[in-house]
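Notes follow once the structure below has been shown.
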Amino acid sequence: MSRPITATIHHQALRHNLAIARKMMPNSQVFAVVKANAYGHGIERVFEAFQSADGFALLDIAEAKRLRQLGWKGKILLLEGIFSLRDLYDCAELKLDFTVHSPHQLQWLQSFSETQTDHSDDSVQFDIYLKLNSGMNRLGFKPVAYRQAWQELQRLSVVNSITHMTHFSDADGERLGEQGVLYQQKIFDQITAGLPGLRSISNSAAILRYATELESDVVRSGIMLYGSSPDYPKHTIQNWQLEPTMSLRSEIIAIQDLESQDSVGYGSTYFAENSLRIGIVACGYADGYQRLFATGTPILVDGIRTQTIGRVSMDMLAVDLSDIPNAQVGSEVVLWGRSTSGAVLAIDDVAQSSGTVGYELMCAVTNRVNFQIEITNE
């Protein structure tokens, strides 16, 4: 028998969460963001569930090739754009849309345009997403430079369309004033006023929190598709009617009975106050479960919520079985997600225990974990 840790990907939940995004933004094109190997879920594993999306968004050409090999013929957007002049030839071959966010990308596009014949029947035409830095200060043209960049793109024969794009720094928070969502929207509206083209401004947090305030022709739904709340703990996935899409499950492989003052794990960071029954679980930081998780991190055993105790090691961790007297070797353990009995442990609840977010946990599951797909009839 193989080591009993598995990551189950729930197709029904992926489809459900995509439907929530479409329900929130019924007049928008909904792109499914599948960067970072679909947030750790695996592009090949989520593809079938996301085929009703209007397009896919990701970071690199290698991932875009995987989508084309799966048979996707629709829109694919490179969120960080091209990283070299050579990338433009791949974009042409694969029919990719891409972001332009900096002068050097403009220069590459101009150089590429000079190599193309203006009137060829098979001439290349790109759909561009021109990014405005409205306050995030990562990527994008500053407001004073945006219109000039737009004009330069307009002059290029290889440019078919230009979509105006920005990214909010605080859609998941409460900053509505200076540097907040509405402030960034105001800058975006001012700079793009009178310029033709679609708008793409909403990520998951903006889709869920500002659906009525923001107008976005193309929305980029990311973390919400994978069953994590972008503004946890203010809202949980239950508040947004989202469902967990990844269940990391293992089993108890040993049981120990402790006496008062017995320690648990490396560094003896936990001492039993009284006699205590604990379970040892086949999961550790080499599986992607963080070593930073301290005693008290929530976990499910046979569908019952309990806690971890002691330090997480490379291959194992310990759980408190005080309130689960029937637990035994082979009992199901849910690190996050849904138990086979239907109990749910949200990945956001687990992530909070180490001061991180659900994104990081799902992206960190390692290759030695066995992945499987659960497909249920709706």
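The values are calculated or read from the model by the stated rules, or taken from the named source; none is laboratory data. Values in this document were obtained by computation on a predicted structure and should not be read as measured data. Positions of Cβ are backbone-derived with ideal geometry, glycine not excepted, and every protein chain shown enters the neighbour counts. In case anyone asks, the SASA skips ligands and DNA or RNA and just uses the protein heavy atoms, side chains included. Shrake-Rupley method; radii C 1.70, N 1.55, O 1.52, S 1.80 Å.
So which residues in region 196-206 are surrounded by 15 or more Cβ atoms within 10 Å (Cβ to Cβ) and part of a loop (DSSP other than H, G, I, E, B)? Answer for region 196-206, where residues must be surrounded by 15 or more Cβ atoms within 10 Å (Cβ to Cβ) and part of a loop (DSSP other than H, G, I, E, B): Gly197, Leu198, Ile201, Asn203. Of the residues screened, Gly140 is one that is at pLDDT 95 or above, open to solvent by less than 40 Å² (accessible area, probe 1.4 Å) and not hydroxyl-bearing (Ser, Thr, Tyr).
Residues are listed down the side, and each one gets a yes or a no for (1) crowded, with 16+ Cβ neighbours inside 10 Å; (2) at pLDDT 95 or above; (3) in a strand (DSSP E or B):
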{"position": "Arg66", "(1), (2), (3)": "yes, yes, no"}
{"position": "Ile82", "(1), (2), (3)": "yes, yes, no"}
{"position": "Leu88", "(1), (2), (3)": "yes, yes, no"}
{"position": "Glu93", "(1), (2), (3)": "no, yes, no"}
{"position": "Trp108", "(1), (2), (3)": "yes, yes, no"}
{"position": "Thr117", "(1), (2), (3)": "no, no, no"}
{"position": "Ser123", "(1), (2), (3)": "no, no, no"}
{"position": "Met136", "(1), (2), (3)": "yes, no, no"}
{"position": "Val144", "(1), (2), (3)": "no, yes, no"}
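Residues considered: Leu96, Leu88, Leu70. Of these, the only one that is on the phi < 0 side of the Ramachandran plot and touching a Ser or Thr at 6+ places or on another chain (Cβ under 9 Å) is Leu88. Residue selection: Arg305 fails the criterion of being assigned to a loop (DSSP other than H, G, I, E, B), more than 17 Å from the chain's Cα centre (by Cα) and among the basic types (Lys, Arg). Checked against (1) farther than 19 Å from Ser353 by Cβ; (2) assigned to a strand (DSSP E or B); (3) not hydroxyl-bearing (Ser, Thr, Tyr), Asn239 passes all but condition (2).
The set of residues in region 4-51 that are touching a helix residue (DSSP H, G or I) at 6+ places or on another chain (Cβ under 9 Å), part of a loop (DSSP other than H, G, I, E, B) and not polar (S, T, N, Q) comprises Ile5, Met25, Val34, Gly40, His41, Phe47.
Among the residues of region 294-310, is any open to solvent by 40 Å² or more (accessible area, probe 1.4 Å) and modelled with pLDDT under 95? The answer is yes, given that some residue of region 294-310 is open to solvent by 40 Å² or more (accessible area, probe 1.4 Å) and modelled with pLDDT under 95.
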